[in-house]
Amino acid sequence: PEKVIPILSAILDAVHPETSVKDALYLEGEFLTVDGRKYDLSLYDHVYLIGFGKASISMARGVKAVLGEHLTEGRIIAKTLSTTEKLDNITLYQGSHPVPTEKSVEGTKKLVELVSGLTGRDLVICVVSGGGSALFTYPHDGILLEELQSLTSLLLKSGADINEMNTIRKHIDRVKGGGLAEMIFPASLITLVL
């Protein structure tokens, strides 16, 4: 048992969301490398961070640790917020999971505001983790939040898996099914999914 604890501790550290993000990003001077692709940060006026999911704050810490002063601003939606959590220029919002509430919609609107109207000289890094579908939601006009909540509850009770739920959600939510990417365009987008 004494030898197992350090091994398990090392395994948990290796898969920690912050560590995983730090391992996925490499910054050398002005060049950010992600999955073998290089981004020359000197070509961008702004680098924004957005994210949603139960591990999004930890993932944001990883991005912040790598990018430092290159990061212009960020907005993250998580399920729980610590009263002491501070990430400099990253604003944290609390959403609801597994059934979205007005908090989820309001946080999503704040993220959308940040990435709307960007140009080709902007870079957006988006971090996504489990729970993101409920935390990041913005129903199309004409769809009431109560209707989305009822549908989500019915899908959960039916035993629908996350892929089935997201297949339906993308038709009733303006940020799903590529909607967020359309809002961000023509800015460059890097997405890290945990």
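In the chain, the calculated helix contribution to ellipticity at 222 nm averages -12000 deg cm²/dmol per residue, counting -39,500 (n - 2.57) for every DSSP H run with n ≥ 4. With a ≥ b ≥ c the root eigenvalues of the C-alpha gyration tensor of the chain, is it rounded (a/c under 1.5), prolate (a/b larger than b/c) or oblate? Note, shape of the chain comes out oblate.
For residue 55, the amide hydrogen comes within under 5 Å of the amide hydrogens of 129, 130, counting only partners 5 or more places away or on other chains and with H modelled in the peptide plane. Think of a 1.4 Å ball rolled over the protein heavy atoms: region 16-74 then has 47 Å² of accessible area per residue. Taking the DSSP beta bridges with both ends in the chain, the antiparallel portion is around 30 percent. Between the amide H of residue 189 and those of 124, distances stay under 5 Å, these residues lying 5 or more places away or on another chain, with hydrogens modeled in the peptide plane.
Computed with a 1.4 Å probe over protein heavy atoms only, the accessible surface of region 80-194 comes to 51 Å² per residue. Most tightly packed first, judged by the mean number of other beta-carbon atoms within 10 Å of their residues, the peptides 153-163, 20-30 read 20-30, 153-163. Simple rule: put +1 on each Lys or Arg Cβ and -1 on each Asp or Glu Cβ in the chain, find the dipole, and look at 46, 78, 68; the Cα lying farthest toward the positive end is 78. Using a probe radius of 1.4 angstrom, the carbon and sulfur fraction of the accessible surface of the chain is 55%.
How large is the charge dipole for region 1-151, taken about the Cα centre, if only the Cβ atoms of Lys, Arg (+1) and Asp, Glu (-1) carry charge, to the nearest 20 debye? Provide the component values of the computation, followed by the final result.
Working: 14 positive and 20 negative charges, 56 e Å.
Roughly 260 debye, rounded to the nearest 20.
Computed over protein heavy atoms with a 1.4 angstrom probe, the accessible surface ordering of 173, 40, largest first, is 40, 173. This model, with +1 at the C-beta of Lys and Arg and -1 at the C-beta of Asp and Glu, gives region 68-194 a dipole about its Cα centre of some 140 debye. Residues whose amide H comes within less than 5 Å of that of residue 50, counting only those at least five positions distant or on another chain, are 75, 125, 126, 127 (H built at 1.01 Å from N in the peptide plane).
Shown is the FRET efficiency for residue 26 and residue 161, computed with R0 = 30 Å from the Cβ-Cβ distance and rounded to the nearest 0.05: 0.30. Of the peptides 119-126, 41-48, the order by per-residue mean of other Cβ atoms within 10 Å, starting with the highest, comes out as 119-126, 41-48.
Quick one: putting +1 on the C-beta of Lys and Arg, -1 on the C-beta of Asp and Glu, what dipole do you get for region 41-119 around its Cα centre, in Debye to the nearest 20?
On the way: 9 positive and 8 negative charges, 65 e Å.
The calculation lands at about 320 debye.
The values are calculated or read from the model by the stated rules, or taken from the named source; none is laboratory data. Remember, it's a predicted structure, so these values are computed and weren't measured experimentally. We place every Cβ from the backbone using ideal geometry, glycine too, and count neighbours over all the protein chains shown. Just the protein is used for accessible areas: all its heavy atoms, side chains included, with ligands, DNA and RNA removed. Shrake-Rupley method; radii C 1.70, N 1.55, O 1.52, S 1.80 Å.
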